[in-house]
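What follows draws every value from the coordinates through simple rules; no lab data is involved. Since we're looking at a predicted model, the values are computed, not measured. Note: ideal-geometry Cβ built from the backbone for every residue, glycine included; neighbour counts use all protein chains shown.
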Amino acid sequence: MASVREYYEKATRDLAAPFAIVDMAAFRDNAADIGRRAAGTPVRVVSKSIRCRHLLREALAMPGFTGIMAFTLPEALWLAGGDGGALSDDILVAYPTADSRALAELAADAQASERITVMVDGTAHLDMIAAAAPDPRRPVKVCIDVDTSWQPLGPRTRIGAHRSPVRTPEQAAALARSIAARPGLRLDGVMAYEAQIAGVGDAPPGRPLYGRALRWVQHRSRMELARRRAAIVRAVRDVADLRFVNGGGTGSVHTTRRERAVTEVAAGSGFYHPRLFDHYTGFSGRPAALFALPVVRRPGRGTATVLGGGYVASGAPDTARLPQPYLPSGLSFSAAEGAGEVQTPLLGAAADSLAVGDLVWMRHAKAGELCERFSHLHLVDGPDPGDVTAAETYRARGRAFL
């Protein structure tokens, strides 16, 4: 680890902290691992986990990766054109939209309406799209979002994310018929993202019994979903042709791609490999995205205070959402202060090796959210400052989509 730290500090010695980096060798290795696990199934790149046009372009240029999964319609419109040109001619918006202006913009732009597919899970979405895009000569492409949660004893035992109300083949077929009845809409695909498998590490450290139980739950959930997803796809195909069936995420690429009903998988977090993706039995990755904070105080023995650091990830609030003090190893947060808005005290024997002005390297708990804190990602592709280039994040482009 010391050599990794020395490598980063040599490469970035001309940068003023705080700053964020992406280790491009790790980025490429992680992408190659995703591609190997996909085993020939096309991988759609999840933009919310990257939030940098340059790195989205890098990912899409690698073998096996095609298309983008965007997180809002305005973002999709920007990626389909906007400043910098189109990144892809196949962009799926992963979440339903209630943005009537963006829908009207989509419908008015012939090129964008061919490149972008929006998500729906009920007739309220269909009515909103039809109202904003009434011209049947330019139909809006839509994708049905399917609930993937495992409910072994009914809805009260839901294991998985609260997403779509569409759960059964009958419900999916009914929604498909509603889409077919609207001349301004065209059914394009089905998406079923199994968050309880793809986004939950199955080897939690120090909890072997819980890990065993979690793997059993995920296995049962995967078996139930494979049968249900296949039945849903058959029922929807009886109503209309489908261009794609999307499933999976970084943590389940290697299992979801085995399903015959699935035509593509999605991945995003795996490119950066944030700390929440450290504990999976099915794959391992290399930390690629990090941020460096300068030491600004030495309050006493065993304590070093860094500037900023309160970059807490979304989700249920707990310590897993905090960033990880990564290099030097052996540092931890103060239980009383945690990760602070302006300063963060870090505790441990390693603090005594740090002087004011030294760097502490941190990892965010999640992937793309780091880019909301920094205008640039410094791409480290060698040990010298000349090997580092700056890539703009969405923030640098003045784009805050959420």
- Message: If amide hydrogens are placed 1.01 Å from N in the peptide plane, which non-local residues have theirs closer than 5 Å to the one on residue 141?
- Response: 118, 186
- Message: If the elastic network links every pair of Cα atoms under 10 Å, which of 270, 201, 249 fluctuates the most in the Gaussian network model of the chain?
- Response: 201
- Query: Along the stretch 119-135, what does the Karplus equation 6.51 cos²θ - 1.76 cosθ + 1.60 (θ = phi - 60°) give for ³J(HN,Hα), rounded to whole Hz, x for Gly and Pro?
  - Reply: 9, 9, 9, x, 5, 4, 5, 4, 5, 5, 5, 4, 5, 7, 9, x, 7
- Karplus (6.51, -1.76, 1.60) ³J(HN,Hα), θ = phi - 60°, over the stretch 152-162, in Hz, Gly and Pro reported as x: x, 10, x, x, 6, 10, 3, 10, x, 6, 7
- Message: So for the stretch 88-184, averaging the separation of alpha carbon pairs under 8 Å that are six or more residues apart and normalising by length, what relative contact order in percent results?
- Response: 27 percent
- Message: Under 5 Å between amide hydrogens, which residues at least 5 positions from residue 90 or on another chain qualify, with H placed 1.01 Å from N in the peptide plane?
- Response: 68
- Task: Determine the calculated [θ] at 222 nm for the chain from helices alone, applying -39500 (n - 2.57) to every DSSP H run no shorter than 4 residues and normalising by the residue count; nearest 500 deg cm²/dmol.
- Result: -8500 deg cm²/dmol
- Could you work out how far apart the two model spin labels at residue 349 and residue 213 are, taking each label as a point 7 Å from the Cα in the direction of the beta carbon, and quote it in nm? 3.5 nm
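Run the numbers for residue 174 and residue 241: contour at 0.36 nm per residue of separation, minus the present Cα-Cα distance, in nm.
Values: separation 67, 0.36 × 67 = 24.12 nm, distance 1.47 nm.
Once the chain is fully extended between residue 174 and residue 241, it gains 22.6 nm.
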- Would you look at the GNM of the chain, springs on alpha carbons closer than 10 Å, and say which of 264, 337, 114 moves the most? 337
- Message: Output the 0 to 90 degree angle, nearest 10, between the alpha-carbon long axis of helix 208-237 and the longest principal axis computed from the alpha carbons of the chain.
- Response: 30 degrees
- Near the amide H of residue 390, under 5 Å away, which other amide H atoms are found, from residues 5 or more places off or on another chain, if H is placed in the peptide plane? 379
- Message: Angle check, please: helix 24-38 long axis (alpha carbons) against the longest principal axis of the chain (alpha carbons), in degrees 0 to 90, nearest 10.
- Response: 40 degrees
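I need to check one value: relative contact order of the stretch 319-397, counting alpha carbon pairs closer than 8 Å and at least 6 residues apart, in percent.
Values: 97 pairs, mean separation 20.8, N = 79.
Worked out over the stretch 319-397, it gives 26 percent.
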- Task: Only one of the values (i) 55, 53, 43; (ii) 70, 50, 37; (iii) 89, 57, 46 was calculated from this structure for Cα extents along the principal axes in Å; name its label.
- Result: (ii)
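Based on the Cβ-Cβ distance from residue 375 to residue 314, what FRET efficiency comes out when R0 is 30 Å, to the nearest 0.05? Can you show the working numbers first?
Values: r = 20 Å, r/R0 = 0.68.
Efficiency for this residue pair is about 0.90.
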- Expressed in nanometres to one decimal, the distance between label points 7 Å along Cα→Cβ at residue 224 and residue 138 is 4.4 nm
- Item | Relative contact order (percent, whole number), the chain, Cα cutoff 8 Å, 6+ residue spacing | 21 percent
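Net charge around residue 314, counting only other residues with Cβ within less than 15 Å of its Cβ (Lys, Arg = +1; Asp, Glu = -1)?
Values: positive: 48, 51, 275, 321, 366, 373; negative: 318, 369, 372.
With Lys, Arg at +1 and Asp, Glu at -1, the net is +3.
Exposed loop sites here are trypsin sites (Lys or Arg not before Pro) in DSSP loop states with at most 13 other C-beta atoms within 10 Å. What is the longest stretch of the chain lacking them?
Longest run free of exposed loop sites: 14-136.
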- Task: Using only Cα atoms, tell me the angle between helix 2-11 and the longest principal axis of the chain; keep it within 0 to 90° and round to the nearest 10.
- Result: 80 degrees
- Item | Stokes-Einstein diffusion coefficient of the stretch 262-365, Kirkwood radius over Cα pairs, 4 °C, 1.567 mPa s, in µm²/s | 89 µm²/s
- Query: Pick from 195, 130, 316: which residue has the top mean-square fluctuation in a GNM of the chain where Cα pairs under 10 Å get a spring?
  - Reply: 316
- Going residue by residue through the stretch 274-284, the Karplus relation 6.51 cos²θ - 1.76 cosθ + 1.60 with θ = phi - 60° gives ³J(HN,Hα) values, rounded to whole Hz and with x marking Gly or Pro, of x, 5, 5, 9, 6, 10, 10, 7, x, 6, 9
